[in-house]
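The values are calculated or read from the model by the stated rules, or taken from the named source; none is laboratory data. Worth saying up front: this structure is predicted, and the values here are computed from it rather than measured. A quick note on method: Cβ atoms are made from the backbone with ideal geometry, for glycine too, and the neighbour counts reach across all protein chains shown.
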Amino acid sequence: MRIGTTTFGFRYQLLDRARAPSLERVAEQARGLGLDVLQICENARPMDLGESQWAEVVRRAGDIGLELQLGCKTTALGVFRGYLDRAAALPACLLRVVLEEEEGRAPERADVDRFLAAAWPLIERSGARLAIENHFDVPSRVLAEAVAPYPAGRIGFCVDTANSLRNFETPEMVLDLLGSRALCYHVKDFRVDGDKLGFRVAGAPLGEGRLDLDATLERIFRHNPAPELFVENWTPGSGDWETDVREDELWLRRGLDTLKQRLRNRGIS
């Protein structure tokens, strides 16, 4: 079993392109936290790097014993192909994808089906695995139905414990729908504030919010005795860059400590 984070664990460091550290530096930070894996997602803009620059990031991560994975958010086949080529060359051969765009209408079932039909030959030739992340716009049941025709070992899910709340899907529902084909997990906590007139969902340090972490781990281990768990932050911003970067790091450290303690409670070190 391996523990990691994604570049959303360093959200505020990477938010401002002008102030963002190099990806080599982010990899060093992740390894300094004792992590095994770093999933470099679209917020870190990995495709902005040329081939030689990307090769240096991969080399540095290998030197310090950190595995890299890639993640993207797209429904455009050309963008997907670029990420897939780089992901397939990494040891994990895994690409996490969110099947949405930053702007425009939410994808429907037919859009997901068309994307998978076009993407599957590329995935098959590359030897890579695709982990589709449940997110805001596409219900988990739709994702589960859409991937059913494809091999489970090649197209599965990156299960996120908080992303589907906007679809009124609890973490338990998402794990039940997607857990049997999960290739990795984004574990993040949340809190719900409100009253009879409405509610607001916000982040919380892992183990300190509404997520039943022990029950979540029980469900995860029921499907996979050696899962890949990525601790993520959903840290509220203050508007001050330095404050937000510090708070992000604090939440990430607390979350990792909490996860490791809960795993030790299960006899897993």
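Data table
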read-out	value
Candidates 233, 265, filtered to the one that is polar (S, T, N, Q) and free of Cβ contacts under 8 Å to residues at least 60 places away in the same chain	265
Matching residues, segment 227-255, being of a type in the set (A, V, I, L, M, F, W, C) and either in contact with a Leu (Cβ under 7 Å, 6 or more places away or on another chain) or over 15 Å from residue 160 (Cα atoms) (or both)	229, 231, 241, 245, 250, 251, 252
Criterion violated by residue 94 - all others in (1) within 19 Å of residue 230 (Cβ to Cβ); (2) more than 14 Å from the chain's Cα centre (by Cα); (3) in contact (Cβ under 8 Å) with a residue 60 or more places away in the chain satisfied	(2)
Residue match in segment 84-96 (condition: aliphatic (A, V, I, L, M), surrounded by fewer than 15 Cβ atoms within 10 Å (Cβ to Cβ) and either in a helix (DSSP H, G or I) or in contact with a strand residue (DSSP E or B) (Cβ under 8 Å, 6 or more places away or on another chain) (or both))	no
Residues that are outside any helix (DSSP H, G or I), under 17 Å from residue 1 (Cα atoms) and out of contact with any Cys (no Cβ under 9 Å at 6 or more places or on another chain), drawn from segment 25-40	33, 34, 35, 36, 38
Meets criteria (over 28 Å from residue 103 (Cβ atoms) and either within 17 Å of the chain's Cα centre (by Cα) or modelled with pLDDT of 95 or more (or both)) for residue 29	yes
Which numbered condition residue 156 fails, given (1) small (Gly, Ala, Ser); (2) assigned to a strand (DSSP E or B); (3) more than 20 Å from residue 11 (Cβ to Cβ); (4) modelled with pLDDT under 95	(4)
Selection count where residues are in a helix (DSSP H, G or I) and free of Cβ contacts under 8 Å to residues at least 24 places away in the same chain, scope segment 97-132	5
Residue that is surrounded by the most Cβ atoms within 10 Å (Cβ to Cβ) [pool: residues in segment 226-260 that are part of a loop (DSSP other than H, G, I, E, B) and hydrophobic (A, V, I, L, M, F, W, C)]	234
For residue 194: the one exception among (1) free of Cβ contacts under 8 Å to residues at least 24 places away in the same chain; (2) on the phi < 0 side of the Ramachandran plot; (3) not β-branched (Val, Ile, Thr)	(2)
Near pairs, Cβ below 6 angstrom, 6+ apart or cross-chain, from segment 32-53 (under 12 Å from residue 231 (Cα atoms)) to any residue that is of a type in the set (Phe, Trp, Tyr)	39/230
When residues of segment 153-165 are limited to those that are among the hydrophobic types (A, V, I, L, M, F, W, C) and within 11 Å of residue 178 (Cα to Cα), the one surrounded by the most Cβ atoms within 10 Å (Cβ to Cβ)	159
